[in-house]
Amino acid sequence: MTGEPVLEIRNLSVEYGYDADAVRVLRDVNLTLHAGEVLGLAGESGCGKSTLAYAATRLLPPPGIITGGEVVFTSTRDDRRYDLLTATDDELRATRWEDTAIVFQGAMNSLNPVYRIGRQLTDAISAHRPEQSARQRRDRAAELLDMVGIPADRLRSYPHQLSGGMRQRVMIAMALALEPQLVIMDEPTTALDVVMQRQILQQLADLRTRLGFSVVFITHDVSLLIELADRIAVMYAGEIVEDATASQMYRTPRHPYTDGLLHSFPPLHGPRQELGGIPGAPPDLMSLPRGCTFAPRCRVALDRCRDERPALTATAFADREPHRRVACFQHEREAAAIPPSLTVM
Amino acid sequence: MRYLLRRAAFYLLTAWAAITLNFLIPRMLPGDPVRSLIARFQGRISVEATESLYILFGLDEQKSLWQQYLDYWGNLLSGNLGLSFAYFPTPVVDIIEQSLPWTLALVGLSTILSFVLGTMLGVWVGWRRGTWADGLLPVTNFLSAIPYFWIGLIAIAVFAVAWPIFPASGGFDPGLIPSATPEFIGSAIYHGLLPAFTIVISSVAGWILGMRNMMVTVSSEDYVTVAHAKGLPERRVMIGYAARNAVLPNVSGFALSLGFIVGGTLVTEMVFTYPGIGYMLFQAVGAKDYPLMQGFFLIITLSVLVANMLADIAYAVLDPRTRQEG
Ligand SMILES: Nc1ncnc2c1ncn2[C@@H]1O[C@H](COP(=O)(O)OP(=O)(O)OP(=O)(O)O)[C@@H](O)[C@H]1O
Ligand SMILES: [Mg+2]
């Protein structure tokens, strides 16, 4: 179900810090999200997933600086098309939440502790739809809470009166307040127990079928993405190393890192199995190796991998998998055995 | 509501403890200085007055401590704090009644002004951190480092002596009799401007710095980022999301400083010879006027308690989390 591009991230680079102390956290990230698509973004902790979400929405907190690239949003409902990174503050503010809404990783702290839930749901509506009456806004807020399975009388609650899972669902409801075209979700379920996680993901899937928005779903749990996402991008040390459809990724992971990730998570379904994991730790972003950033941990690395950095390019099987890209010199190598218990749903 | 009731009970208990201490402490001190002062005033003090002083200072050895305590409460509740030695035979209560309004007006208003001004500037500087607004910080650091009496003396030297636009001392024109006439009120305001200015200058820096630092901390909270992401107008994010949360820790600081209005203004009133509580307390200490001192200490203790109570109420109003925890 891939339509027109909604969000095109091109050569996006981000640094934290100034001058000599700066760390390059994102290096020339290219990623395209299509209308109606669920794009999964996976990678180990610290690889830059959240940074990518913040940078792509121009919400990067200091000392983060976007040092290059563009983020083009193309509306699917009218013919607006703009680069988020060069838009003026006022233009950007007018499109925020209307076009792109975000559920942040820290959904626990995403609610203002001194305002009631209702007020926090309605203030986005009043900022963007000033013509609506207070009554309409309140009804809409109640409807939103209902959508995520929270009774409407919770509108009068303060955040500290809600459980963690409820707060998370409030944030999801809030993201849908203006029916945005794109919702970015940064680990929206990580802090929850498995039952709650299931429940929220199910609600999310239902809402998406009903409202038809695109999703960028960020997690370090690839097995979850294989069930959930249409397409998956795998990040390693600030770069995309593989970008393929969920089933391609699962059947034939072409990057050794993807392969490692698939073996390091227990499947949500099926019997318990031995976890492979990836030996070693992610590189220090301050002093990256000269060649492939994954080479020091790679089981199949060659001399060439330690000297040259592979670019993210089409695979050798471009005729069979045209939209697939991988950053590895040895991607044609026979893929490792697929964990038998991981089943595509 | 239950939270407030519990706090109220706590304050009643504390007030009782403070008043009881005020009763016990003079009794534990060696009684000789008071006794000798009373002896010195012998003949000039009426017999009843001497008796009430004996009760206040626990020199009345014919009665049991318990009986003395009851008498002490009786005196207190009927507003009898004894007679001042230095301003004999004026009752201590009258002196407090005369000097308290001056202190409350001068120091109260300038403390509130300083808090409001400092908080607003702090919000603005904190929100614009990393821009030229940070240039204000060295100035505030400098101001908060100067001792207060120094600011007071310089203000007098510059604005009352070298360039005499303000009076150097007093609370009103000595030629006027305190009354509610426009002339007297005008004179009182005119006399208050310079001391008020020095109080604001010396305390505003602390509020600016405190608020600025809290703004910087709160600005990186997730809910502020969410407010930005929602495309709310910048002013609403700054005030409703950032400042609204950043001000919470400052509220208790403010309430405490309200408590020190009554007790902590000795220096201001001494430098400006201002007829408030601080100045009178200074006089009382100089004249070994024990009844007056005791009366002032009682008032100061109670005002600190009242300020704490206000802080609690403000907190309960501003922070929904306190309301529940109680
Ligand atoms: N304010 C900051 N200053 C300096 N470095 C930072 C800052 N914020 C993040 N980083 C660095 O940027 C890198 C990417 O961080 P990011 O939060 O994007 O990771 P992530 O992939 O979202 O990780 P996780 O899965 O744990 O959420 C990390 O190595 C981190 O150390
Ligand atoms: Mg993250």
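Worth a mention:
- Accessible area per residue was computed with a 1.4 Å probe on protein heavy atoms; A:T252 scores about 50 Å².
- Over the C-alpha trace of the protein assembly as shown, radius of gyration and Dmax come out as 35.3, 119 angstrom.
- A convex hull fitted around the alpha carbon atoms of the range B:205-326 yields 127 Å³ per residue.
- The relative contact order of chain A, computed from alpha carbon pairs under 8 Å that lie at least 6 residues apart in sequence, is 19 percent.
- The distance from the alpha carbon centre of the range B:124-139 to that of the range B:259-285 is 35 Å, rounded to a whole number.
- When Rg and the Kirkwood radius Rh are both evaluated on Cα atoms of the range B:92-322, their ratio Rg/Rh stands at 1.04.
- Chain A and chain B together bury an accessible surface of about 2200 square angstrom, both sides counted, with a 1.4 Å probe and no ligands or nucleic acids included.
- Fraction of alpha-carbon pairs over 21 Å apart in the range B:177-266 - percent: 54 percent
- Note on B:A157 and B:K288: with the Förster distance fixed at 35 Å, the Cβ-Cβ geometry gives a FRET efficiency of about 0.60.
- Members of the range B:215-230 that become less accessible by 50 Å² or more once partner protein chains are added (1.4 angstrom probe, chain alone as reference): B:D222, B:Y223, B:T225, B:V226, B:A229, B:K230
- Other residues within the sphere of radius under 11 Å centred on the Cβ of B:G79, judged by their own Cβ, net out at -2 (K and R +1, D and E -1).
- Taking every C-alpha pair closer than 8 Å and separated by at least 6 residues, the mean separation divided by the residue count of chain B gives a relative contact order of 26 percent.
- The length gained on full extension between B:N80 and B:N213, counted as 0.36 nm times the residue separation minus their Cα-Cα distance, comes to 43.1 nm.
- A viscosity of 0.692 mPa s and a temperature of 37 °C, combined with the Kirkwood radius over Cα pairs in Stokes-Einstein, give a translational diffusion coefficient for the range B:276-326 of 252 µm²/s.
- The protein assembly as shown: antiparallel DSSP beta bridges as a percent of all, rounded to 5: 60 percent
- For the set A:K49, B:K288, solvent exposure ranked by accessible area (probe 1.4 Å, protein chains only) runs largest to smallest as B:K288, A:K49.
- Sites A:E143 and A:R77, calculated FRET efficiency, Cβ-Cβ separation with R0 22 Å, nearest 0.05: 0.60
- Solvent-accessible surface, computed for protein heavy atoms with a probe of 1.4 Å, shrinks by 20 Å² or more for the following residues of the range A:90-108 when the other protein chains are added to the isolated chain: A:R93, A:R96, A:W97, A:F104.
- Solvent exposure of the protein assembly as shown as accessible area per residue, Å², 1.4 Å probe: 46 Å²
- In the protein assembly as shown, the calculated helix contribution to ellipticity at 222 nm averages -15000 deg cm²/dmol per residue, counting -39,500 (n - 2.57) for every DSSP H run with n ≥ 4.
- All lysines inside 27 Å of B:K63 as judged from Cα atoms, apart from same-chain residues fewer than 8 positions distant: B:K288
- Within straight-line cross-link reach of B:K230, aspartates and glutamates at Cα separation under 15 Å, skipping those fewer than 8 residues along the same chain: A:D89, A:D90, A:E91, A:E98, A:D99, A:D123, A:E179, B:E221, B:D222
- The range A:159-187 and the range A:6-76 have Cα centres lying 21 Å from one another.
- Stokes-Einstein, applied to the Kirkwood radius of chain A over Cα pairs at a viscosity of 0.692 mPa s and 37 °C, places its translational diffusion at 155 µm² s⁻¹.
- In chain A, the DSSP beta bridges split such that about 60 percent are antiparallel, to the nearest 5.
- Accessible surface of chain A [probe 1.4 Å, protein heavy atoms]: carbon and sulfur percent: 50 percent
- Radius of gyration over Kirkwood radius for the range A:73-211, both on Cα atoms: the Rg/Rh ratio is 0.96.
- With a 1.4 Å probe rolled over the protein heavy atoms of all chains, the accessible area of B:M215, A:M166, B:M270 falls in the order B:M270, A:M166, B:M215, largest first.
- Mean projected area in nm² (Cα convex hull; one quarter of hull surface) for the range A:117-191: 5.0 nm²
The values are calculated or read from the model by the stated rules, or taken from the named source; none is laboratory data. Note that this is a predicted model, so its numbers are computed, not measured. Neighbour counts are summed over all protein chains in view; Cβ atoms, including those assigned to glycine, are modelled from backbone coordinates with ideal geometry. Remember, those area values only see protein heavy atoms, side chains included, never the ligands or the DNA or RNA. Shrake-Rupley method; radii C 1.70, N 1.55, O 1.52, S 1.80 Å.
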